[in-house]
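J.: Sharing a structure here in structure tokens format.
Nothing in this text is a laboratory measurement; each read-out follows from the coordinates by a stated rule. None of the values given here were measured: they were computed from a predicted structure. For neighbour counting, all protein chains shown are included, and Cβ atoms are generated from backbone atoms with ideal geometry for every residue, glycine included.
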Amino acid sequence: MEIIELDPADGALVSGAFEVLCAAHAVDDPESPPPHEGVFVKALAHPAPDEDEVDFVAVDDGAVVGRLSIGLPKRDNLHFAGADLMVHPDHRRRGIGTALLDKFIDYARADKRTELSLTTRMTWEDGPQRSEAGRRFLEKRGFKLALTCVNRRCASDAMSPEAEQALLDKAVAAAGDEYEVISWLGRTPAELVETMCRLDSMILAEVPLGELELEPETIDAELKEAKAVRTEAIGIIPVTTVARHRASGEVVANTVIGVFEDRDFRHGFQWITIVDPDHRGHRLGTLVKVVNLRLLREQFPNVETIWTDNADVNAHMIDINVKMGYETVDASGEFMLRLDA
Ligand SMILES: CC(C)(COP(=O)(O)OP(=O)(O)OC[C@H]1O[C@@H](n2cnc3c(N)ncnc32)[C@H](O)[C@@H]1OP(=O)(O)O)[C@@H](O)C(=O)NCCC(=O)NCCS
């Protein structure tokens with residue numbers, strides 16, 4: 001078995017890596033949205049603009065049997081290193097995972113990263129059973145659970161029309177006349193870029209991070225544009241609704257669902273929802289989410305299910321999601337290892 005850096009232009013290795021993803025999905029979390037080959041391939045060729053990304057594959061007898069994808073933030077959080085690691089189900093318990101994990105730790109150490117993170121699926125309440133392998137594997141190497149996020153899904157028409165209208169009416173009444181709701185598909189309208197950067201830069205300070213020590217990322221117009229270019233290049237369309245405070249002109253609430261361009265794909269992904277702390281308590285979170293859900297249904301009738309994950313302690317967000325019909329599936333445990341500086 002050898003570990004090779006994955007060249008995104010190497011079609012055979014990229015297909016092999018995608019097959020590992022599919023085989024692992026079928027065994028580890030078959031209820032989750034299936035991997036999408038187009039998005040996978042394009043994402044390899046278009047790395048995130050704020051990270052140094054490197055991918056490795058474990059190859060045995062000419063076949064890809066495992067993959068490791070490392071992301072090193074390059075603007076903020078220079079102490080941090082994150083990775084995805086998985087081994088083909090037919091090749092587990094043979095030390096391949098250990099070899100890939102060693103690769104990650106060596107790579108991160110060489111770049112002076114001191115906080116390393118990996119995620120694994122875990123069973124949540126009475127949801128489908130998830131393997132303990134990931135947790136045992138990571139704990140054996142000294143990783144500790146730092147953050148638990150609960151994965152929920154919701155049919156795009158989960159609420160009855162009456163219940164949905166009632167939820168919206170209540171939110172509209174609570175928000176009053178002070179806010180204007182604006183929605184769009186794709187790129188942020190030019191006149192909102194600056195104020196959206198302000199809100200995007202709050203995200204890491206506002207979402208619960210458990211034991212992870214991450215500083216807020218500073219998003220400027222250039223980075224925002226680069227992220228939008230990448231999202232477009234990999235075949236994902238953001239569906240966005242915001243609330244703008246009329247008096248100040250600032251966007252103070254934002255919600256985004258990521259949808260694949262591929263109209264045969266039936267899943268959408270709830271990305272961020274954030275309300276400026278100075279504007280909480282006016283039901284703006286519910287307001288933008290219900291309006292965005294309606295836009296999604298209208299524009300992407302192929303999207304039947306929306307997926308979201310929230311830190312288990314994020315009570316307000318979970319409360320809104322439950323009202324909208326989200327139900328728990330499983331959890332993702334983010335495990336962390338600290339290295340000496
Ligand atoms: C977790 C995973 C990467 C392990 O890969 P692997 O190649 O089987 O790992 P190794 O053979 O190197 O196992 C190393 C040690 O981890 C622990 N471990 C691995 N699988 C385990 C299992 N099913 N049950 C209990 N312990 C397990 C054991 O201590 C094992 O050592 P041992 O075989 O000498 O007892 C693999 O199961 C996987 O891809 N799971 C799904 C993806 C995932 O959860 N990734 C996140 C973890 S980074």
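J.: Any idea which of Tyr179, Met86, Tyr326 is furthest toward the positive side of the dipole for the chain, if Lys and Arg beta-carbons carry +1 and Asp and Glu beta-carbons -1?
T.: Tyr326
J.: Would you list Thr114, Thr286 from fewest to most Cβ contacts within 10 Å?
T.: Going from sparsest to densest Cβ surroundings: Thr114, Thr286.
J.: Then there is this: Step by step: find N for the range 230-341, compute 2.2 N^0.38 Å, then divide the Cα radius of gyration by it. What's the final number?
T.: Scaled against compact globular proteins, the figure is 1.21.
J.: Kindly provide the Kirkwood hydrodynamic radius of the range 154-332 in Å, to one decimal, from all pairs of distinct alpha carbon atoms.
T.: By the Kirkwood definition, the hydrodynamic radius is 16.8 Å.
J.: Provide the gained length on full extension for the span Asp169 to Glu213, in nm with one decimal, where the gain is 0.36 nm per separating residue minus the Cα-Cα distance.
T.: Between Asp169 and Glu213, full extension yields 11.9 nm more.
J.: Counting other Cβ atoms within 10 Å, which trypsin sites (Lys or Arg not before Pro) in the range 1-93 have at most 15 and lie in a DSSP loop?
T.: Passing sites in the range 1-93 are Lys74, Arg75, Arg93.
J.: Excluding same-chain pairs closer than 8 in sequence, count the lysine pairs in the chain whose Cα atoms lie under 18 Å apart.
T.: 9
J.: Rounded, prolate or oblate: which fits the range 7-130 when a ≥ b ≥ c are the square roots of the eigenvalues of the alpha-carbon gyration tensor, with rounded for a/c under 1.5 and prolate only if a/b beats b/c?
T.: rounded
J.: In nm, to one decimal, how far is the Arg136 label point from the Glu327 one, both placed 7 Å along Cα→Cβ?
T.: If labels sit at Arg136 and Glu327, their model points lie 3.0 nm apart.
J.: Do any GluC sites (Glu not before Pro) in the range 1-54 lie in a loop, going by DSSP, with at most 15 other beta-carbon atoms within 10 Å of their beta carbon, and if so which?
T.: Glu31
J.: Post the alpha-carbon centroid distance, the range 108-175 to the range 186-225, in whole angstrom.
T.: 20
J.: Give a quick list of trypsin sites (Lys or Arg not before Pro) in the range 234-299 that DSSP marks as loop, anything other than H, G, I, E or B, with at most 12 other Cβ atoms within 10 Å.
T.: Answer by residue number: Arg246, Arg263.
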